[in-house]
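First the structure, in the form of structure tokens, and then the observations on it.
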Amino acid sequence: MTDLLVVEDDAQLVKALALTLRSRGYDVTTAGTAADALRLAAVRRFDVVVLDLGLPDRDGLEVIEEVRRTSAVPIVVLSARRDQRDKVLALDAGADDYLTKPFGMEELLARLRAAQRRAGPGPAAGVVETADFVVDLGRKQVRGSSGDVLHLTPTEWGMLEALVRADGLLVAGTDLLREVWGPAYETQTNYLRVYMAQLRRKLEPDPAAPRYLITAPGLGYRFDRTGSG
């Protein structure tokens, strides 16, 4: 499945996009503000971003610039702004394509496919290796040092995937809760402790002295692929 982030504040349009794109095999995540979009992009590696420029909290051009500081993910702008200068500004900021509203769904799908083709395959086929286990992001599985697949629950996998995709960067506890459980669970920090303990029992050589799944007290968690802690 292609992981797609749709950044749009029009609820009716979001509903229509999500319904159609999911029926075409996309795994769709939505954000209604620039702040939500940037938080999601920081903890999850999407294959494509569909972005409206007229967001309620920040201009979409700023979102493009922020994302481009850390990611080469294809960005397809979907905007009511029809002036040529707006298109130039978006493309110069780092967008890969620009589609004006109203638009045809088949055209959007074609542009998404084209953006993915230009981007090419992901780095290292989405496989992250450590001395004790291998995380295969594409197949959504973990293999131990002997090659056996380790069973993770969907929630455990969601936590691990978010941390691995952050590639060593600290992921705030609230961002991890929002990404894995949803916005309504942002204060449930006990969830993080429980599921992190379960993950460490399954992945760490010594769960009491973790080398890969590191806690930053009061801040969040990070994944250290080197195992140096």
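Against the criterion of being buried (at least 18 other Cβ atoms within 10 Å of the Cβ), in the same structural domain as Glu204 (by TED's automatic domain parsing) and out of contact with any Asp or Glu (no Cβ under 7 Å at 6 or more places or on another chain), Val63 does not qualify. Of the strands (runs of 3 or more DSSP E) lying entirely inside the stretch 1-101, the ones with 2 or more residues being closer than 17 Å to Glu179 by Cβ and in contact (Cβ under 8 Å) with a residue 40 or more places away in the chain are found at 2-7. Within the stretch 18-53, the set of residues being of a type in the set (D, E, K, R) and within 17 Å of Val171 (Cβ to Cβ) comprises Asp36, Arg39, Arg44, Arg45. Residues in the stretch 102-114 that are in a helix (DSSP H, G or I) and touching a residue at least 12 places away in the same chain (Cβ under 8 Å): Met105, Leu108, Leu109, Arg111, Leu112, Ala114.
When the stretch 125-137 is filtered for residues that are within 16 Å of Ala162 (Cβ to Cβ) and either of a type in the set (A, V, I, L, M, F, W, C) or surrounded by fewer than 16 Cβ atoms within 10 Å (Cβ to Cβ) (or both), the ones remaining, listed by number, are Val128, Val135, Asp136, Leu137. In summary, Arg211 fulfils each of the numbered conditions (1) buried (at least 17 other Cβ atoms within 10 Å of the Cβ); (2) closer than 20 Å to Asp36 by Cβ; (3) among the charged types (D, E, K, R) with the single exception of condition (2).
When Tyr26 is tested against (1) within 14 Å of the chain's Cα centre (by Cα); (2) of a type outside the set (Val, Ile, Thr); (3) farther than 23 Å from Arg118 by Cβ, just one condition goes unmet, and that condition is (3).
Tell me yes or no: at least one residue of the stretch 172-191 is touching a Lys or Arg at 6+ places or on another chain (Cβ under 8 Å), of a type in the set (A, V, I, L, M) and either in the same structural domain as Asp9 (by TED's automatic domain parsing) or not in a loop (DSSP other than H, G, I, E, B) (or both). Within the stretch 172-191, none of the residues are touching a Lys or Arg at 6+ places or on another chain (Cβ under 8 Å), of a type in the set (A, V, I, L, M) and either in the same structural domain as Asp9 (by TED's automatic domain parsing) or not in a loop (DSSP other than H, G, I, E, B) (or both).
The values are calculated or read from the model by the stated rules, or taken from the named source; none is laboratory data. Since we're looking at a predicted model, the values are computed, not measured. Neighbour counts are summed over all protein chains in view; Cβ atoms, including those assigned to glycine, are modelled from backbone coordinates with ideal geometry.
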